[in-house]
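Worksheet: one structure, shown below.
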There are 2 protein chains.
Amino acid sequence: MEMVLEDLYPSRVEQRPVWLDREDPVVYATETSNEFLTEQQVKDFDKNGFLIIPDVFSKEEVEAYNNEFERLASIPELVQKEEFIKEPESQIVRSIFAPHKLSELYQKLTNDPRIKGRVNFLLDDETYVHQARINAKPGFNGKEFYWHSDFETWHIEDGMPRMRAISCLVTMTENKSYNGSLMLMPGSHKKYVACVGQTPDDHYKESLRKQEYGVPDQESLETMYNRHGITVAECPPGSLILFDCNVMHGSNSNITPLARRNIFFVLNSVKNRLVEPFGGMKPRPDFIAERG
Amino acid sequence: MEMVLEDLYPSRVEQRPVWLDREDPVVYATETSNEFLTEQQVKDFDKNGFLIIPDVFSKEEVEAYNNEFERLASIPELVQKEEFIKEPESQIVRSIFAPHKLSELYQKLTNDPRIKGRVNFLLDDETYVHQARINAKPGFNGKEFYWHSDFETWHIEDGMPRMRAISCLVTMTENKSYNGSLMLMPGSHKKYVACVGQTPDDHYKESLRKQEYGVPDQESLETMYNRHGITVAECPPGSLILFDCNVMHGSNSNITPLARRNIFFVLNSVKNRLVEPFGGMKPRPDFIAERG
């Protein structure tokens, strides 16, 4: 007999936007702190939906991560692959998907105890890499990324059942207020904004460049902004940003000469593995959402 | 006998970018301070090329300026005029040019002693309005404005002979780091970056929406950034930002719900009135560059 999972977080079916309560914990931990996280940090993560932790990685480590990116982006056979996403206008490499499958160095990073020791504690479980990528927003013409909850997409398009995943961002360059850094709405992770409209198959090819579906309506964003405000995740290279899968976030364009490059990967609880996409579309490929 | 003015600041003629020294003072004042500006402020303006002064206009004044904008933008016969610039994609009013000719309130503002008392002191002369506009960068899809020196354009396209003009910006909303606020490179005003390439006639119609000509090269911007860094002009409503005509500036996009609206006008020394454009093109219309 097939198990049928109830869809707690429907989206893209409504004519008008709907806000739903979050039915899952933010912090699953059974203790209030561990060797990697203070009690205050755990409380902050629960309340705001993110943590910005500077000085986690050394200058040498960051340099090695950057060199590895340059190396990968300079191999023509690799760059033509689907995992390499280019800027809409300039064809400069904007993202590399699944870099941990292309590089031992990045593979090791996704298992780093400084990250896993925090995430597995917060989720009170073993985790695996749901998605990984390097986001390289170039200087001068780096494009914006509109507001979204990652969970909305992962639930509808990939079949992630519940909110038990944390995004990990390792900064490889300065993240300044002016170079298109991550913006988050603290506290927004406690509500789920169901988005309006249907989603065509295979739209992921475009959405990795520019979001068009699973986009919250302007009125909801305005209400959320008035309640929560915006935090710009300014921090130096070598920082670790952890954020909940349902926190509302986005980024502006970058006309400054300062490129912004981050390693991003999502650790998902092994109890929260993907099922059939809740939006009914065919699943996206493994390099975007690990089903293995 | 016709006077021929030497062109101290040629641009858009070179195959490669050239940096020229500024041949004009930044501060023309004969005293070190006056009733509106401290000695430190005068020094800062000279050094950085701008001043950000909060609390110059009251809450009531700012409200009146905003209401006046809404009033003008709601008159259909006005909105279709060339003075009303719309966003490339959404047709929302992005700028109103020459608002001081449409509105007594704005007319009065361009003569406000809190502004003129500062600018005329710094330029040691009487001034007139060279250009005025209201920049209304909407929330959600406000577009970026690429790096440029205003003087480069005013010199080449409008025939402004020398650097003896100051831009005045009155903030009508919050200017935050995240809502596409003005970014300036402090100290960049002491060099003149001659831009590469020719400029077609009538290109102003497009350039008011999106800059394509008179754009500095990336290498020059990178060098300037490394020397000077970037200041984001964060400040509350009712602030006055004064900036030199040759300081390098621009702004990123605005995906936040917070619209950003400023009144902007340029006061030019009466000894620095426009002549024939140095780029050889036909002059732009009066609502962009006052020749009267």
**Q.** Selected residue (criterion: surrounded by the most Cβ atoms within 10 Å (Cβ to Cβ)) from residues of the range B:26-48 that are part of a loop (DSSP other than H, G, I, E, B) and without any contact (Cβ under 8 Å) to a residue 24 or more places away in the chain
**A.** B:Ser33
Q: Determine whether B:Tyr225 is part of a loop (DSSP other than H, G, I, E, B), out of contact with any helix residue (DSSP H, G or I) (no Cβ under 8 Å at 6 or more places or on another chain) and modelled with pLDDT of 95 or more.
A: no
Q: Just give me the residues in the range A:103-160 being among the β-branched types (Val, Ile, Thr) and farther than 18 Å from A:Ser11 by Cα, in sequence order.
A: A:Thr110, A:Ile115, A:Val119, A:Thr127, A:Val129, A:Ile134
Q: Please state which one of B:Leu5, B:Leu51 is at negative phi and buried (at least 16 other Cβ atoms within 10 Å of the Cβ).
A: B:Leu51
Q. What strands (runs of 3 or more DSSP E) lie completely within the range A:233-292 and have 3 or more residues being within 14 Å of another protein chain (Cβ to nearest Cβ) and crowded, with 19+ Cβ neighbours inside 10 Å?
A. A:249-251
Q: Inspect all residues belonging to the range B:173-180 and state whether any of them is within 11 Å of chain A (Cβ to nearest Cβ), basic (Lys, Arg) and either touching a residue at least 60 places away in the same chain (Cβ under 8 Å) or not in a helix (DSSP H, G or I) (or both).
A: yes
Q) Taking into account only those residues within the range A:113-139 that are among the hydrophobic types (A, V, I, L, M, F, W, C) and touching a Phe, Trp or Tyr at 6+ places or on another chain (Cβ under 8 Å), which is modelled with the lowest pLDDT? A) A:Ala136
(Q) Anything in the range A:274-285 that is in contact (Cβ under 8 Å) with a residue 40 or more places away in the chain and either more than 14 Å from A:Asp150 (Cβ to Cβ) or of a type in the set (Phe, Trp, Tyr) (or both)? List them, or say none. (A) A:Val275, A:Glu276, A:Pro277, A:Phe278, A:Gly279, A:Met281, A:Lys282, A:Pro283, A:Pro285
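Yes/no per residue for (1) within 14 Å of chain A (Cβ to nearest Cβ); (2) without any contact (Cβ under 8 Å) to a residue 40 or more places away in the chain; (3) under 17 Å from the mean Cα position of the chain (by Cα):
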{"position": "B:Leu102", "(1), (2), (3)": "no, yes, no"}
{"position": "B:Gln107", "(1), (2), (3)": "no, yes, no"}
{"position": "B:Val129", "(1), (2), (3)": "no, no, yes"}
{"position": "B:Arg133", "(1), (2), (3)": "no, no, yes"}
{"position": "B:Phe145", "(1), (2), (3)": "yes, no, yes"}
{"position": "B:Asp150", "(1), (2), (3)": "no, no, yes"}
{"position": "B:His155", "(1), (2), (3)": "no, no, yes"}
Q. For the range B:55-160, list the helices (runs of 4 or more DSSP H) that sit wholly inside it and hold at least 2 residues that are in contact with a Gly (Cβ under 7 Å, 6 or more places away or on another chain) and buried (at least 19 other Cβ atoms within 10 Å of the Cβ); which are they?
A. B:150-153
Q: Evaluate the range A:191-202: report whether one residue or more is surrounded by fewer than 16 Cβ atoms within 10 Å (Cβ to Cβ), at pLDDT 95 or above and either assigned to a helix (DSSP H, G or I) or more than 14 Å from chain B (Cβ to nearest Cβ) (or both).
A: no
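The values are calculated or read from the model by the stated rules, or taken from the named source; none is laboratory data. These numbers come from a predicted model, not from an experiment. Every residue, glycine among them, receives a Cβ derived from its backbone with ideal geometry; neighbour counts consider all protein chains shown.
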